Amino acid sequence: MSILYERLKSTLPDAPRTWLVTGAAGFIGSNLLEQLLALGQKVIGLDNFSTGHRANLEEVRAAVGARAWERARVVEGDLRDFECCREACRGVEIILHQAALGSVPRSLADPLSTHANNVSGFLNLLAAARAQRVRRLVYASSSSVYGDSADLPKREEKIGTPLSPYAATKLMDEIYAGVFARAFGLDCVGLRYFNVFGPRQDPNGAYAAVIPRWIAALLGGRSPRIYGDGLTSRDFSYVENITQANLLAGVTESPDALNQVFNIGVGETATLNQLFDWVQRALWPESPAERWIAPAYEDFRPGDIRHSHAAIDKAKDLLGYRPTHRVREGLKLAMRWYRAHLAPEPVFEEADGVILTV
Ligand code: NAD
């Protein structure tokens, strides 16, 4: 348990602030929106609904109630439009920037739009935050910046060379945030998320992440695909760990924590084979393992890194971050949402291939 986070949650409602959450209709953004509203904050949400869903906003409204929802204002707009960013930043104290086009394979298929959304859009937001005198900008980076570095666990100070346009955009964001901090005094904090999962992570589409994609396949009675031998490993993190890190970074008063990047994960790894077992155990706890569905193994995908494991000491020391949910606990919670949304009529748009987004 993070003592700082518990303290923050008890003090925030008495000192409401105005936050801007970009990507508020997406997976992580909508979870942030919900948590901030539940804590009595005023929140502006910005989204262009390219990968996010209005239904996520409806769910947040239902979860927090009509009165809390009055403190939310969701703007449909695009980061690639500077005026839109400037308008969204008006009166904002803290930005939690989540909007981006995720997925390594998507960026390989269309590097130009990944760059336009993730880098040009981010630069607009930085410039708008500066123009509107926003106090703090916390932004989503990614473990993909570790690229070809074979070092484990991954430590913030040593990255490798990016292996995809997506990774390059996240690294560019870190560079631009550093420049705006040094040149213009804008307080920025970068959070390198490792593989995140939880309610509202989209199970559909060609670029869906591994956990929701598997769950959708299993609920539909189909074999999910595993690329490689299943010994590929990742540091999977339940979304509540991510919201904790964002809120801590948003309000920290520690000068040592500003203008830094932090790994945000659990600090533990699971292989895909382990994860696959845990997903089935969470999905049908009553059913004996012999009755579980077997995965279909396919060739390794080019460009996928073999292992990823976050060292989280820096976030622990400087932000007071303490992940509260390990993978299996998170899976149980996530499963309630997927059961409610996918069963009994799972939605399949395409083949149920596994894509590891980072
Ligand atoms: P998501 O696709 O669910 O959410 C992204 C949201 O941003 C969507 O609602 C989308 O409509 C919106 N958006 C995209 N481009 C926009 C633009 N130009 N203007 C306005 N809105 C725009 O993705 P997510 O999983 O919630 O990811 C949130 C952030 O975390 C992203 O920056 C992503 O790169 C980063 N990240 C995610 C993971 C993960 O495992 N989910 C891992 C590492 C980093």
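Does R130 satisfy being open to solvent by less than 10 Å² (accessible area, probe 1.4 Å) and either over 21 Å from the mean Cα position of the chain (by Cα) or away from the ligand (no atom under 16 Å from the Cβ) (or both)? It would help to see each step written out before you state the result.
Values: open to solvent by less than 10 Å² (accessible area, probe 1.4 Å): no; either over 21 Å from the mean Cα position of the chain (by Cα) or away from the ligand (no atom under 16 Å from the Cβ) (or both): yes.
No; evaluated as a whole, the condition is false for this residue.
Considering only the stretch 220-269, state which residues are under 19 Å from S142 (Cβ atoms), of a type outside the set (S, T, N, Q) and assigned to a loop (DSSP other than H, G, I, E, B).
Scanning the stretch 220-269 gives D235, G265, V266, G267, E268.
Within the stretch 17-51, work out how many residues are in contact (Cβ under 8 Å) with a residue 40 or more places away in the chain and within 14 Å of the ligand (Cβ to nearest atom).
The number of residues fulfilling the criteria is 20.
When you scan the stretch 206-213, do you find a residue that is on the phi > 0 side of the Ramachandran plot and more than 12 Å from the ligand (Cβ to nearest atom), even just one?
As a first pass, look at the stretch 206-213 and keep what is on the phi > 0 side of the Ramachandran plot: none.
Checking the stretch 206-213: not a single residue is on the phi > 0 side of the Ramachandran plot and more than 12 Å from the ligand (Cβ to nearest atom).
With (1) open to solvent by less than 70 Å² (accessible area, probe 1.4 Å); (2) of a type in the set (V, I, T); (3) out of contact with any helix residue (DSSP H, G or I) (no Cβ under 9 Å at 6 or more places or on another chain) as the list, and I3 as the residue in question, which single condition is left unmet?
Exception for I3: condition (1).
Taking R86 as meeting all but one of (1) near the ligand (Cβ under 10 Å from one of its atoms); (2) open to solvent by 60 Å² or more (accessible area, probe 1.4 Å), write down the number of the exception.
It fails just one condition, (1).
Could you list, in sequence order, the residues of the stretch 276-307 that are within 30 Å of L318 (Cα to Cα) and either touching a Lys or Arg at 6+ places or on another chain (Cβ under 8 Å) or in a strand (DSSP E or B) (or both)? Even if it seems obvious, please write down each step before you answer.
Within the stretch 276-307, the first condition is being within 30 Å of L318 (Cα to Cα), and the residues that meet it are 305-307.
Answer for the stretch 276-307, where residues must be within 30 Å of L318 (Cα to Cα) and either touching a Lys or Arg at 6+ places or on another chain (Cβ under 8 Å) or in a strand (DSSP E or B) (or both): just H307.
Within the stretch 69-80, can one find any residue that is more than 8 Å from the ligand (Cβ to nearest atom) and free of Cβ contacts under 8 Å to residues at least 24 places away in the same chain?
The first filter runs over the stretch 69-80 and keeps only residues more than 8 Å from the ligand (Cβ to nearest atom), leaving 69-76.
Keeping just the survivors that are free of Cβ contacts under 8 Å to residues at least 24 places away in the same chain gives 70.
Within the stretch 69-80 (the criterion being more than 8 Å from the ligand (Cβ to nearest atom) and free of Cβ contacts under 8 Å to residues at least 24 places away in the same chain), the answer is yes, since at least one residue qualifies.
Could you go through the stretch 197-213 and let me know if any residue there is acidic (D, E), open to solvent by 20 Å² or more (accessible area, probe 1.4 Å) and over 17 Å from the mean Cα position of the chain (by Cα).
Residues of the stretch 197-213 acidic (D, E): 202.
Imposing the further condition that a residue be open to solvent by 20 Å² or more (accessible area, probe 1.4 Å) reduces the set to 202.
Filter again for over 17 Å from the mean Cα position of the chain (by Cα), leaving none.
Looking for residues that are acidic (D, E), open to solvent by 20 Å² or more (accessible area, probe 1.4 Å) and over 17 Å from the mean Cα position of the chain (by Cα), one finds none in the stretch 197-213, hence no.
The values are calculated or read from the model by the stated rules, or taken from the named source; none is laboratory data. Keep in mind that what you see is a predicted model, and the values were worked out from it rather than measured. Heads up, the Cβs are rebuilt from the backbone with ideal geometry, glycines too, and the neighbour counts pull from every protein chain shown. Surface accessibility is based on the protein's heavy atoms, side chains included, excluding ligands, DNA and RNA. Shrake-Rupley method; radii C 1.70, N 1.55, O 1.52, S 1.80 Å.
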